[in-house]
Amino acid sequence: MVADNDPITLTVIWNRLIAIGNEMGLTLSRTAFSDAVREAQDFGPHVYDAKGRLVAQGLCSPGHLGASLAAVRHALAAFPEETLEPGDAVIFNLPGMGTGHLLDFVVVTPAFMRDGQIVGFTASSAHQADIGGITPGSQHIPNVADLFQEGIIIPPSLLVRRGEPTEIFRMILANVRMPEVVEGDVNAQLNANQVGARGIVQLAERYGPDALSTYTEEIIRRSEEAMRASVRELPNGVYEGEDYMDDYGPGTPPIRVYVTVTIEDEDITVDFSGSSEQVPAAMNAYLSYTYAYVFYTLKCVVNPELPQNEGTCRPVHATGPAGCFFNAQHPAPSSGRAITAHRMFNAIMLAISKAVPHRAVACHSEFSNAIIGGKDPRTGRTFAFYEILSGGSGGRPTKDGVEAMFTVINAKNVPVEVYETSNPVLIERAGLVQDSAGAGKFRGGCGFRRDSRIIAPEVTFTNLSDRTKFDPYGLQGGLPGMRGATYLNPGTENEELLEPKGVYTLHEGDVISYRCAGAGGYGDPLERDIAAVARDVDREFVSIEAAARLYGVVVDPETLSVDKLGTEQMRTRMRRDQAFSAEMAPETGAAATHESVGNRAKPSTPSQGP
């Protein structure tokens, strides 16, 4: 226990550890080679105490929490502390040990004092541009039997020994299509780890190793205590949520996402029993990844401000039958498991909304994580890049959703200029999709569209998208958002609606049009502030026709001013019709669909057309 009269030192050390994590993240993003790490920031910087427990994280994608909780323990199981030396680093990418797919390399570095004592560890996890496998970018989705088809598999191995790369490093680079990019990103991870390790050592030198250990123990204890106190504010009970993923390849059935959230005093357990079984496609979620998004979703509801570490995680539990889609077993393929993150979030949020509706949000959009790869005619080199795109976030109890936000993944839309400079594509269109947001007292975020023209002779295009068959649900009377779609050559005689999980060969001049879904609305659209509707019309988020049809707001097409009398009359008529429909509808009808918090996703709202 820390002395009662020393809270200042505790606060200083705690904030310094968090700052170390953020410094690691800045180092990683600024020295990385790939767009995925440098621009989209698909990585995680992690800080540990001398016992290998997570004590701080830098800003990162929530999915990387799955790698961070046990990363040091996995490294030490293969290389005990007494075998490590200054300058060593351990690497692995096994899905069950890390972030849930082979593409994320986890690198662990011990922090040594001058006398040889280990006073902590740092780790970084980062998405690699390519690791081998069937297609460029190593994210082939349909018809993948196991992870042996996905790329190089690295058990915990010494990447660096006494500051010098080992043969493991050379072996990795010999098995990837873009060795210079992978080498640059792995070196960026090593750089980040060294920055973090230096920060830990500086703390130990200033306060002493024993004192630092005492303070990190207290950080974990207080974090757990605070999280448990927040959980106790929630009503005990068992709450259900259900959603569906479109499919796992052409001609395959939907994947059921079913959760029960059990709140029992100061613990929360999310059980995926009843969900679909793991599938022969590269989308399965290992439990480490599942836990990361279980924790993220619940933390958003329970205590979003609390710093993240091992103590914060202790009251939160995730389970599911071995072999189910969310507890996949080795060697299940999983390179595209990121597509499951939104579904976990939305199903859990739907369940938790029945316990605390004032804290829940409507269904988010889905993101598109397509990959284009081949030979760049400008350089003659192999390229592979990720179209990391997202629509909006769901409507909230007191605010609208946000446009074009990676609310769940916490990545970034890569700038158009970066894509065009690094890859043989031209971005011909990028913007929000009108009338895609779910209507509500607080509407959802708009969907997002981007059209990319191929300027290479031939490329492999791997589509990874969702929400093309099932609506992004609304809450508390809010309406669903518009579903997404991916088109090839839109508006031409060769237009084609592409499968959400398909692999295609494309040629120079082909245009891919990504349409991310809109997000669900929250609350009755007829209660939306009239000025807010008018503002959405002015911004072209909502059309004049939709303003009248969904919100009962009459807007003059010439002046864009609101007809107040016409609006009052239309809303009165719509409320009367709404009440009549609710009275006449059976319990499973339209009124129940939107008023019950447990809306089921349904394939009813039209997809975005050309």
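The values are calculated or read from the model by the stated rules, or taken from the named source; none is laboratory data. Quick caveat, the model's predicted, so the values are computed rather than measured. Positions of Cβ are backbone-derived with ideal geometry, glycine not excepted, and every protein chain shown enters the neighbour counts.
Of note:
- Pair list, Cβ under 7 Å, 6 or more apart: the range 518-539 residue at pLDDT 95 or above, other residue among the charged types (D, E, K, R) and part of a helix (DSSP H, G or I): L526/R571; L526/R575
- Top-ranked residue of the range 264-307 - restricted to ones that are β-branched (V, I, T) and out of contact with any helix residue (DSSP H, G or I) (no Cβ under 7 Å at 6 or more places or on another chain), ranked as farthest from E224 (Cα to Cα): V279
- Among the helices (runs of 4 or more DSSP H) confined to the range 1-100, the ones with at least 1 residues that are surrounded by fewer than 21 Cβ atoms within 10 Å (Cβ to Cβ) and in contact with a helix residue (DSSP H, G or I) (Cβ under 6 Å, 6 or more places away or on another chain) are located at 7-31.
- Within this structure, R429 passes the test of being part of a strand (DSSP E or B) and out of contact with any helix residue (DSSP H, G or I) (no Cβ under 6 Å at 6 or more places or on another chain).
- Residue that is surrounded by the fewest Cβ atoms within 10 Å (Cβ to Cβ), among those in the range 165-185 that are over 11 Å from Q128 (Cβ atoms) and among the acidic types (D, E): E167
- Residue in the range 364-386 that is of a type in the set (A, V, I, L, M) and under 14 Å from the mean Cα position of the chain (by Cα) present: no
- Whichever residue in the range 335-368 is in contact with a strand residue (DSSP E or B) (Cβ under 6 Å, 6 or more places away or on another chain) and closer than 18 Å to G447 by Cβ and, among such residues, is modelled with the lowest pLDDT: F367
- Among the residues of the range 64-88, the ones that are of a type in the set (G, A, S), under 28 Å from the mean Cα position of the chain (by Cα) and closer than 21 Å to F169 by Cα come to 3 in all.
- Each residue in the range 331-360 was checked for being among the β-branched types (V, I, T) and either without any contact (Cβ under 8 Å) to a residue 24 or more places away in the chain or in contact with a Phe, Trp or Tyr (Cβ under 7 Å, 6 or more places away or on another chain) (or both), and 1 of them qualify.
- Scan of the range 490-530 for residues that are farther than 23 Å from S365 by Cβ and of a type in the set (A, V, I, L, M), ordered by number: V503, L506, L526, I530
- First in the range 427-451 and free of Cβ contacts under 8 Å to residues at least 60 places away in the same chain, second anywhere and of a type in the set (K, R), Cβ under 9 Å, 6 or more apart: I427/R450; I427/R453; A430/R449; A430/R450; G431/R449; G431/R450
- Qualifying residue in the range 56-74 (condition: without any contact (Cβ under 8 Å) to a residue 60 or more places away in the chain, hydroxyl-bearing (S, T, Y) and either within 22 Å of T319 (Cα to Cα) or in the same structural domain as G199 (by TED's automatic domain parsing) (or both)): yes
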